[in-house]
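No value in this document is a laboratory result; all are computed from the given coordinates. Here the structure is a predicted model, which means the values were calculated and not measured.
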């Protein structure tokens with residue numbers, strides 16, 4: 001019997017975009033370029049204020 005494929009919802013993607021994965025190089029680079037800060041500054045901000053994108057951007061001065 002085949003298992004129905006679970007489709008991704010818009011809610012899941014929206015929740016994912018609201019977070020910064022500090023361990024993923026691509027996400028750190030994206031945020032660094034967006035805020036014109038270094039990658040290490042982004043990682044430090046994620047460690048300091050957790051992984052909320054709004055908090056990280058606020059911490060970085062955006």
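What to note about this one:
- If the segment from residue 53 to residue 17 were pulled out straight at 0.36 nm per residue, it would be longer than the present Cα-Cα gap by 12.2 nm.
- Based on DSSP H segments of at least four residues, each scored -39500 (n - 2.57), the chain has a per-residue ellipticity at 222 nm of -17000 deg cm²/dmol.
- Ellipsoid semi-axes in whole angstrom, largest first, where each is sqrt(5λ) of the Cα gyration tensor of the chain: 29, 12, 10
- Degrees between helix 25-35 axis and first principal axis of the chain (Cα, 0 to 90, nearest 10): 50
- Nearest-ten-degree value, helix 39-49 long axis tilted from longest Cα axis of the chain: 80
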